[in-house]
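What follows is a single structure, written as structure tokens, with notes after it.
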Amino acid sequence: MNYKDNIISHVSNEACKEVSAKVVRSLRKMTEGMQSGDDTPLKNIWDEVCVQRQDEYSVMWDAYEETILAFIEQEVRKLDELVIGAIWLQTEEGDDWADEIQDRIDDGEIEEYKQEAVDYNLDDVDKYILVEYVLKLASEWTNKRIEKYIDKGYSL
């Protein structure tokens, strides 16, 4: 990885961690619409997301994922376009695009200094943050409520 890639990766990682932290805070504030019921130790939607990532998905998982993506979308749209581009370049689609641009530069089709923008895709960015940051965090996150829920064999 060259110094440019390191810088892009660092900018992307910091932005993704910030977006993820904001999403988690929002989910931790959500207590309405919980599927786990009143008799469980879970306190918020984030607890339910963590349980599902660590134990078993509910039939409502798609709704949870849509909610998380909505929060991610909201935060990503606030980012500077260059930061969004840096994140997108970390995706498989972004990496393929960068390779294609480099091939075009190498072939003399375009000049490197004339490629001014990254043709990012916001949906790719949102899904990348969902999978690589928020859901990975949910897989590792724990607290006494989550442990008790899983240990007692509750189900959503």
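Cβ-Cβ contacts under 6 Å between residues 6 or more apart (or on different chains), taken from a first residue in region 107-122 that is surrounded by 13 or more Cβ atoms within 10 Å (Cβ to Cβ) to a second residue that is modelled with pLDDT under 85 and of a type outside the set (Ser, Thr, Tyr), are absent. When region 143-156 is filtered for residues that are part of a loop (DSSP other than H, G, I, E, B) and either in contact with a helix residue (DSSP H, G or I) (Cβ under 7 Å, 6 or more places away or on another chain) or without any contact (Cβ under 8 Å) to a residue 40 or more places away in the chain (or both), the ones remaining, listed by number, are GLY153, LEU156. Restricting the search to helices (runs of 4 or more DSSP H) fully inside region 54-120 and requiring at least 1 residues that are over 17 Å from the mean Cα position of the chain (by Cα) gives 81-88, 92-106. When LYS127 is tested against (1) among the charged types (D, E, K, R); (2) touching a residue at least 24 places away in the same chain (Cβ under 8 Å); (3) out of contact with any Leu (no Cβ under 8 Å at 6 or more places or on another chain), only condition (3) is not met. Note on region 137-156: residues that are of a type in the set (Phe, Trp, Tyr) and modelled with pLDDT of 95 or more total 1. Scanning region 108-136 for residues that are among the small types (Gly, Ala, Ser) and either in contact with a strand residue (DSSP E or B) (Cβ under 7 Å, 6 or more places away or on another chain) or modelled with pLDDT of 85 or more (or both) returns a single hit, GLY108. Among residues of region 53-66 that are within 9 Å of LEU156 (Cβ to Cβ) and touching a residue at least 60 places away in the same chain (Cβ under 8 Å), those with a Cβ under 6 angstrom from a residue that is of a type in the set (A, V, I, L, M) and part of a loop (DSSP other than H, G, I, E, B), sequence gap 6+ or separate chain, pair up as SER58/LEU156.
Scanning region 79-92 turns up at least one residue that is closer than 19 Å to ARG25 by Cβ, surrounded by fewer than 19 Cβ atoms within 10 Å (Cβ to Cβ) and not small (Gly, Ala, Ser).
The values are calculated or read from the model by the stated rules, or taken from the named source; none is laboratory data. Only a predicted model underlies this, so the values are computations on that prediction, with no experimental measurement involved. Note that each Cβ is placed from the backbone with ideal geometry, even for glycine, and that neighbours are counted across all protein chains shown.
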